[in-house]
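Read through the structure below, which is laid out as structure tokens, and then see the notes.
The values are calculated or read from the model by the stated rules, or taken from the named source; none is laboratory data. Please read all numbers here as calculations on a predicted model, not as lab measurements. All Cβ positions, even for glycine, are placed from backbone atoms using ideal geometry, and neighbour counts span all protein chains on display. Calculation scope for accessible area: heavy atoms of the full protein, side chains included, ligands and nucleic acids excluded. Shrake-Rupley method; radii C 1.70, N 1.55, O 1.52, S 1.80 Å.
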Amino acid sequence: MNRIIRVFLISIVALGSLKAYAHSMEDVEASLNEKERYAQFVDQPAPPFDLTGTEGNTLSLADLNGKTVVLNFLYTRCTEACPLHMNLIRQLQTGVEEEGLSEEVVFITIATDREDVAGTRKNMRDYGENFDLNPDNWHFLYRTRAESPELTSELAKAYGLQFREAGDGVQVHGVVTHVIDPQGQMRARFHGLKFNPEHLVTYLKAVAIGPSAAADDGFWSRLHTRIEGLMKSE
């Protein structure tokens with residue numbers, strides 16, 4: 001390969017590398033804001049919790065220090081929005097697995113039911129089985145019998161969500177998927193059921209690994225790969 005052309009191509013590769021690795025979290029969030037209308041980015045301490053899993057094991061937010069957490073609240077007796085929300089959670093878990101982030105990202109679902117603990121835990125186990133959620137990095141948490149029936153709905157309120165009793169075993173509530181960073185800071189809320197799961201997985205990559213992991217696979221990335229291939233073939 002001509003020396004001048006080679007130098008030029010090396011410069012292009014270097015420039016492409018700078019393009020890919022010069023991202024900050026602000027860059028990632030600005031990019032996602034352009035294409036994801038349901039994302040809200042924040043930076044505030046996540047309200048702490050210390051709750052019990054379906055098998056009686058306890059888990060707190062402090063226990064998850066160093067992990068990126070995807071957190072959602074669920075009324076297990078809901079037959080409308082909540083199953084759809086859990087389907088989204090399953091898609092996110094699949095995306096995280098495909099990106100090789102299962103060790104870095106943990107999914108937490110918290111039940112807001114005020115009804116009996118045994119029935120709620122059964123519903124929780126059924127959700128896990130019905131949606132084939134991987135228990136290695138997904139935990140369904142709730143209160144114990146000794147704790148107030150309002151405990152988890154009050155926790156949801158601390159996260160900005162209302163779960164209001166409407167009678168006949170119905171709770172009226174919003175739907176939000178929260179992202180908490182490894183330092184315990186809440187970084188994002190993805191609202192509703194219409195956000196693109198791929199966008200949230202991209203954000204999880206940035207939070208868990210670093211902003212450069214979320215670099216778009218666009219022109220510079222393709223050009224970078226092509227030129228590297230040409231240089232290696234010499």
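If you place +1 on the Cβ of every Lys and Arg, -1 on the Cβ of every Asp and Glu, and leave all else neutral, what size is the dipole of region 62-179 about its Cα centre, to the nearest 20 Debye?
360 debye
Given 10 Å bins starting at zero, what is the percent of C-alpha pairs of region 74-155 in each, up to the one with the largest pair distance?
18, 49, 27, 6, 0
Which value in nm describes the separation of the simple spin-label points at Glu80 and Arg164, placed 7 Å from the Cα toward the beta carbon?
1.4 nm
Tally the DSSP beta bridges in region 51-156 and give the antiparallel ones as a percent, rounded to 5.
Of all bridge pairs located within region 51-156, approximately 25 percent are antiparallel.
Under a crude label model (7 Å from the Cα following the beta-carbon direction), how far is Gln185 from Asn134 in nanometres?
Going from the Gln185 label point to the Asn134 one covers 2.8 nm.
By the scheme Lys and Arg +1, Asp and Glu -1, what is the net charge of all other residues having a beta-carbon under 12 Å from that of Asp136?
-2
Show which aspartates and glutamates lie in cross-link reach of Lys205 when reach means a straight Cα distance below 15 angstrom and same-chain residues fewer than eight apart are skipped.
Glu26, Asp27, Glu29, Glu97, Glu98, Glu99, Glu103, Glu104, Asp181, Asp216, Asp217
Under a point spin-label approximation (7 Å from Cα along Cα-to-Cβ), what is the Lys157-Asn57 distance to one decimal in nm?
So the two model labels end up 3.1 nm from each other.
For Thr79, Thr58, Thr177, give the ranking by accessible area with the largest first, probe 1.4 Å.
From most exposed to least exposed: Thr79, Thr58, Thr177.
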